[in-house]
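Colleague: Encoded as structure tokens, here's the structure I'll be asking about.
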Amino acid sequence: MEQFVIKGGKPLHGEVAIGGAKNAALAILAAAVMTDDTVTIENLPDVRDVNVMLGAIEGIGGRVKRPDPHTVIINGSAIESLNVDYEYIKKIRASYYLLGALLGKYKKAEVALPGGCAIGSRPIDLHLKGFRALGADVDVSYGLISAEADRLTGAHIYLDKVSVGATINILMAATLAEGRTVIENAAKEPHVVDVANFLNSMGADIRGAGTDVIRITGVTRLHGTEYSVIPDQIEAGTFMFAAAATHGDVLVKNVIPKHLEATTVKLLETGCEIVEFDDAVRVIATNTVLRPTSVTTLPYPGFPTDMQPQMTAVLGLADGVSTVTESIFENRFKYVDELARMGANIKTESNIAIITGVQGYTGARVSAPDLRAGAALVIAGLAADGFTTVDDIHYIQRGYENFEVKLQGLGADIEKTSDEREAQKFRLRVS
């Protein structure tokens with residue numbers, strides 16, 4: 001099994017370029033099959049989740065060409081199956097976007113109940129409520145979600161809870177429904193806006209994405225397009241926090257600073273210096289004594305739940321007591337025991353972590369319980385004294401492209417190894 005071996009204690013310095021947003025890319029790939037024309041998508045992150053989604057599209061008959069790792073050409077005219085195989089669904093939760101895409105185009109779809117990271121309950125009842133409001137018969141049985149309609153008609157849909165997945169899935173189905181659909185209490189995340197912009201570039205009529213009311217006027221067909229995915233705000237935030245934890249100075253390039261405001265504010269509160277440019281953010285934490293702060297995860301534009309573990313890793317090194325309140329997922333503190341192995345002083349009570357800062361982390365062998373927690377453990381390892389080994393990095397590779405290579409470019413001593421012999425060679429080389 002592959003692992004990251006890290007020799008910590010070196011401040012990160014230099015520049016790092018951020019790739020396309022994984023969460024936007026997965027939904028855009030699903031939406032690409034909604035036309036029979038050819039669609040070209042650029043700035044695609046070359047990560048496992050994206051490759052699994054492309055496999056799922058090929059599995060139902062879509063034609064996929066990959067001229068380079070960050071570009072894909074998709075043609076959905078030859079789709080022959082409306083049943084998405086469980087093998088894909090169990091690997092990535094976002095495969096359920098094919099439900100909304102296929103239902104919109106073919107008025108019928110069948111997808112297995114989704115998997116993904118075990119960070120808590122993520123019910124899809126709002127997705128199904130939306131499909132039913134559009135006129136679909138929805139059945140959940142034998143581990144499958146089946147949706148079918150003679151015709152889809154526009155509806156007024158109020159989401160009881162802000163849900164990115166439900167907003168995007170309903171948005172896709174409504175794009176090819178008859179009449180007008182209004183989604184109230186819609187998610188406002190940047191990747192919701194990106195999916196809406198992508199669909200509009202294919203001829204959809206979607207307005208209000210990025211606000212809590214989205215209005216969709218259904219169209220009869222969509223056409224081909226060329227589109228570039230937005231930069232990944234979570235990858236960007238991860239490198240920003242890595243700079244803070246290691247007391248480094250890093251320029252994070254190819255970002256949209258507006259998308260990073262919640263992250264930037266918290267770094268400022270910890271005492272870091274932030275310099276914003278048109279498409280880059282510089283984090284300066286040299287000679288900085290990190291200060292404690294309080295964080296509550298909220299839907300966008302609040303602090304993202306996907307940045308919570310990385311923030312906790314930074315606050316574990318702050319001079320004082322911090323609190324992190326997780327209001328999105330109930331099972332997102334599983335990594336705390338792993339950080340404790342490295343010397344962190346964190347107590348969890350229900351959905352709140354109380355973090356008493358320590359002088360420094362010490363290297364240890366830890367295991368990534370999920371994607372973002374894995375990134376947080378790498379950050380801790382970069383800041384720690386001695387060697388850290390992070391196991392189960394397949395979680396991290398689901399959402400970060402060439403993570404160790406980008407960190408090496410910032411001066412980090414980190415290596416991806418596949419056995420103990422390789423790990424030992426690395427330890428000897430950097431000792």
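The values are calculated or read from the model by the stated rules, or taken from the named source; none is laboratory data. Computed from a prediction, not measured in an experiment: that's the story for all the values here. For neighbour counting, all protein chains shown are included, and Cβ atoms are generated from backbone atoms with ideal geometry for every residue, glycine included. For the accessible areas, the whole protein counts, side chains as well, though only heavy atoms, and no ligand, DNA or RNA atoms are used. Shrake-Rupley method; radii C 1.70, N 1.55, O 1.52, S 1.80 Å.
Colleague: Could you go through the range 420-430 and let me know if any residue there is assigned to a loop (DSSP other than H, G, I, E, B), among the acidic types (Asp, Glu) and open to solvent by 20 Å² or more (accessible area, probe 1.4 Å).
Modeller: Within the range 420-430, not a single residue is assigned to a loop (DSSP other than H, G, I, E, B), among the acidic types (Asp, Glu) and open to solvent by 20 Å² or more (accessible area, probe 1.4 Å).
Colleague: Separate question: List every residue pair whose Cβ atoms lie under 6 Å apart, where the two residues are 6 or more positions apart in sequence or sit on different chains, the first residue falls within the range 182-206 and is in contact (Cβ under 8 Å) with a residue 40 or more places away in the chain, and the second residue, located anywhere, is among the hydroxyl-bearing types (Ser, Thr, Tyr) and open to solvent by less than 10 Å² (accessible area, probe 1.4 Å).
Modeller: Here the result reads 187/167; 199/175; 202/35, each pair linking the range 182-206 to a residue that is among the hydroxyl-bearing types (Ser, Thr, Tyr) and open to solvent by less than 10 Å² (accessible area, probe 1.4 Å).
Colleague: Find all pairs meeting these conditions: Cβ atoms under 6 angstrom apart; at least six residues apart or on different chains; first residue within the range 322-337 and over 17 Å from residue 357 (Cβ atoms); second residue of a type in the set (D, E, K, R) and modelled with pLDDT under 90.
Modeller: Pairs that qualify, where the first residue is over 17 Å from residue 357 (Cβ atoms) and the partner is of a type in the set (D, E, K, R) and modelled with pLDDT under 90, are 326/332.
Colleague: Does residue 157 satisfy the condition of being in a strand (DSSP E or B) and either in contact (Cβ under 8 Å) with a residue 60 or more places away in the chain or open to solvent by less than 30 Å² (accessible area, probe 1.4 Å) (or both)? Give the derivation first.
Modeller: Working: in a strand (DSSP E or B): yes; either in contact (Cβ under 8 Å) with a residue 60 or more places away in the chain or open to solvent by less than 30 Å² (accessible area, probe 1.4 Å) (or both): yes.
Judged against the criteria, residue 157 is a match.
Colleague: If you don't mind, another one. Helices (runs of 4 or more DSSP H) wholly in the range 319-414 with at least 3 residues that are open to solvent by less than 50 Å² (accessible area, probe 1.4 Å) - which ones?
Modeller: 336-341, 371-383, 403-408
For every residue, the table says whether it meets (1) within 30 Å of residue 364 (Cα to Cα); (2) of a type outside the set (A, V, I, L, M, F, W, C); (3) part of a helix (DSSP H, G or I).
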position: 11; (1), (2), (3): yes, yes, no
position: 27; (1), (2), (3): no, no, yes
position: 30; (1), (2), (3): no, no, yes
position: 41; (1), (2), (3): no, no, no
position: 46; (1), (2), (3): yes, yes, no
position: 57; (1), (2), (3): no, no, yes
position: 72; (1), (2), (3): no, no, no
position: 79; (1), (2), (3): no, no, no
position: 95; (1), (2), (3): no, yes, yes
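Colleague: Give me the residue from the range 268-310 that is closer than 20 Å to residue 360 by Cβ and under 23 Å from the mean Cα position of the chain (by Cα) and, out of that set, surrounded by the fewest Cβ atoms within 10 Å (Cβ to Cβ).
Modeller: 283
Results for (1) surrounded by fewer than 24 Cβ atoms within 10 Å (Cβ to Cβ); (2) within 23 Å of the chain's Cα centre (by Cα), shown as yes or no for each residue.
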{"position": "168", "(1), (2)": "no, yes"}
{"position": "182", "(1), (2)": "yes, no"}
{"position": "197", "(1), (2)": "yes, yes"}
{"position": "214", "(1), (2)": "no, yes"}
{"position": "227", "(1), (2)": "yes, yes"}
{"position": "233", "(1), (2)": "no, yes"}
{"position": "242", "(1), (2)": "no, yes"}
{"position": "254", "(1), (2)": "yes, yes"}
{"position": "266", "(1), (2)": "yes, yes"}
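Colleague: Also, quick follow-up: Sort out which residues of the range 9-30 are in contact with a Leu (Cβ under 8 Å, 6 or more places away or on another chain) and either open to solvent by less than 10 Å² (accessible area, probe 1.4 Å) or on the phi > 0 side of the Ramachandran plot (or both), and write them in order of number.
Modeller: Within the range 9-30, 12, 14, 16, 20, 25, 29, 30 meet the criteria.
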